[in-house]
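Chemist: Encoded as structure tokens, here's the structure I'll be asking about.
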Amino acid sequence: MKKLAYFDCPTGISGDMCLGALVDAGLPLDYLQQSLAGLGLSEEYDLRAHLVTRNGQAATKVEVALTAPHASHRHLKGIEALIEAARLPNRVTQWSLAIFRRLAEAEGAVHGIAPEQVHFHEVGATDAIVDIVGACIGLDYLAIDIVACSALPVGGGRVKAAHGWLPVPAPAVLRLLQMAQVPLYSNGIERELVTPTGAAIATTLAQQFGSPPAMTLRQVGLGAGGRDLPIPNILRLWIGEVVSESQFSRGRQYSDHNYRHQRESLTAGHDHGADVQTSVENEQPSTSTDTLLSEQDASGPTLETVVVLETQVDDLSPQVIGYLYDRLFAAGALDVFYQTVGMKKSRPGFLVTVIGAPEDVDACEQVLFAETTTLGVRRQLQQRHALHRVHKSVTTPYGSVRLKLAYHPQTQALLNVHPEYEDCAALAQHHQVPWLTVHRAALGTWDSLYEPSLAASLRVHHAETDSRPAI
């Protein structure tokens, strides 16, 4: 089984907290120091580890104490040269380079310059380099195969940096979190909780964010932050074996350009039939959370973080339900459904469930409060896998119909073809024919243009669910 490291971050994440958790989980300090010596920076710092308490809980605090003058800022190429010359294990080298490259992309985006032109200030300092490379050394030493991370608290207030006072989260941190589509929340603590080094480690190495994956827990490492906070300032590193590898994507891409190239190559191979035109929507994801694709391997399924809202009411008019659906979808909901339930005092009621992207759930929640009689809404952070989807258009005797195509995550075989309901409905009404007639015409047109072998496999796949007769 694959070995998993899950970063549980109730008070955020930083490089030194990661190091503390790794040392607490079994990374020998001597091994860490010997491995870091290859960077050629040993004269500039002392590495110390000791137990501290945070709100009565013991945890390991790792400190990188600077002992000599050091470069206050470095370019990406300079840091890459240090790492490549350090004779580190291959995984450590690749992870470390990827983290700094990702940082450079985020800083470059913030300042409007190329990644190679970025001057690293705080994260280019010796202690930050030790934190990042040290975290990679620790994950490699503990033989970690997969990294996952919890949702992250945004913090608040302001922080002093090389460019002066900055709002929290700092611009580069916010960019990193945006690039990885990390689910965020506020825990009410007005401090810097996610540092640039912590954000870079998490967004580069974690293959998913949110609730703990299904795993068999073997050990827990506790890494302490530098301050006492209202809740224990401790990063908890859960280590164990994954129950099922299918819950994870097959890896991250560290460049949006790489992803775009891969996805273009992937979709180009499915363009069969001269009369089938790619619709305008071919370049658009089908849901807002599909933007997560830009951070994941195009050969694997899309792992998305979603929030599920639930509320039940027993005094709501059924007439409101249709209007409520419209308002929720307008607010960004990915899906909405309701179930009839029995409630207290034997009253019949509705259980309304809303699925949305983390960035849209606040708006959806406001709709529930405004348009229903509910007094409370439950939230759950969940993951879902979604097949890769592409939109194409076919021309039928009734007009053009968009099709949604879904591909197998590993083989890229076509699994589903679904004509868009709205297109079929509009054409059926215009031509005064049954909706099912237009629906069948769209599928028939696609089958006639697509490769016969794949069309046949689709008919087998749909045999039990498709209302049209097998051809």
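The values are calculated or read from the model by the stated rules, or taken from the named source; none is laboratory data. Treat the numbers as computed from the prediction; the structure is a model and nothing was measured. Every residue, glycine as well, gets a Cβ built from its backbone with ideal geometry; the counts of neighbours run over all protein chains shown.
Chemist: In region 1-54, how many residues are in a helix (DSSP H, G or I) and free of Cβ contacts under 8 Å to residues at least 60 places away in the same chain?
Modeler: Narrowing region 1-54 to residues in a helix (DSSP H, G or I): 15-24, 29-39, 42-44.
Filter again for free of Cβ contacts under 8 Å to residues at least 60 places away in the same chain, leaving 29-30, 33-34, 37-38, 42-43.
Total satisfying the criteria: 8.
Chemist: For region 126-185, which residues satisfy the criterion of being of a type in the set (Phe, Trp, Tyr) and either touching a helix residue (DSSP H, G or I) at 6+ places or on another chain (Cβ under 9 Å) or part of a helix (DSSP H, G or I) (or both)?
Modeler: Tyr141
Chemist: Sticking with this structure for a sec: Please go through (1) crowded, with 22+ Cβ neighbours inside 10 Å; (2) out of contact with any Pro (no Cβ under 8 Å at 6 or more places or on another chain); (3) at positive phi for Met17 and return the number of the only condition it doesn't satisfy.
Modeler: It is condition (3) that Met17 fails.
Chemist: Of everything in region 41-100, what is surrounded by fewer than 18 Cβ atoms within 10 Å (Cβ to Cβ) and basic (Lys, Arg)? Give them in sequence order.
Modeler: Those that are surrounded by fewer than 18 Cβ atoms within 10 Å (Cβ to Cβ) and basic (Lys, Arg): Arg48, Lys77, Arg87, Arg91.
Chemist: Tell me which residues, restricted to region 20-40, are buried (at least 23 other Cβ atoms within 10 Å of the Cβ) and either of a type in the set (D, E, K, R) or under 16 Å from Pro232 (Cβ atoms) (or both).
Modeler: Gly20, Ala21, Asp24
Chemist: Please find, within region 124-163, the residue that is surrounded by the most Cβ atoms within 10 Å (Cβ to Cβ) out of those that are of a type in the set (Gly, Ala, Ser) and under 27 Å from Gly188 (Cβ atoms).
Modeler: So the residue we want is Ala148.
Chemist: Same structure again: Under 8 Å between Cβ atoms, at least 6 apart or on separate chains: pull out the pairs that start in region 383-395 with a residue that is over 13 Å from Gln412 (Cα atoms) and end on any residue that is among the hydrophobic types (A, V, I, L, M, F, W, C) and in a loop (DSSP other than H, G, I, E, B).
Modeler: That search, which allows pairs on different chains as well, returns Lys392/Val276; Ser393/Val276; Val394/Val276.
Chemist: Only residues that are among the β-branched types (Val, Ile, Thr) and under 23 Å from Asp140 (Cα atoms): list them for region 90-113, please. Outline the logic, then answer.
Modeler: Of all residues in region 90-113, those among the β-branched types (Val, Ile, Thr) come to 92-93, 99, 110, 113.
Within region 90-113, Val92, Thr93, Ile99 qualify.
Chemist: In addition: Give me a count of the residues in region 340-369 that are more than 11 Å from Val313 (Cα to Cα) and not aliphatic (A, V, I, L, M).
Modeler: Residues in region 340-369 being more than 11 Å from Val313 (Cα to Cα) and not aliphatic (A, V, I, L, M): 12 in total.
Chemist: Any idea how many residues of region 367-418 are small (Gly, Ala, Ser), buried (at least 17 other Cβ atoms within 10 Å of the Cβ) and modelled with pLDDT under 90?
Modeler: The total comes to 1.
Chemist: What is the one condition in (1) more than 24 Å from Leu387 (Cβ to Cβ); (2) modelled with pLDDT under 90; (3) among the basic types (Lys, Arg) that Arg260 does not satisfy?
Modeler: Here Arg260 clears every test but (1).
Chemist: Take the residues in region 191-249 that are part of a strand (DSSP E or B) and of a type in the set (S, T, N, Q); name whichever of them is farthest from the chain's Cα centre (by Cα).
Modeler: So, considering only residues that are part of a strand (DSSP E or B) and of a type in the set (S, T, N, Q), the one farthest from the chain's Cα centre (by Cα) is Gln219.
Chemist: Another question, then. May I ask you to list the residues in region 345-359 that are surrounded by 14 or more Cβ atoms within 10 Å (Cβ to Cβ) and either among the charged types (D, E, K, R) or free of Cβ contacts under 8 Å to residues at least 40 places away in the same chain (or both)?
Modeler: Going residue by residue through region 345-359, those that are surrounded by 14 or more Cβ atoms within 10 Å (Cβ to Cβ) are 349-359.
Once the filter is applied, which keeps residues that are surrounded by 14 or more Cβ atoms within 10 Å (Cβ to Cβ) and either among the charged types (D, E, K, R) or free of Cβ contacts under 8 Å to residues at least 40 places away in the same chain (or both), region 345-359 yields Gly349, Phe350, Glu359.
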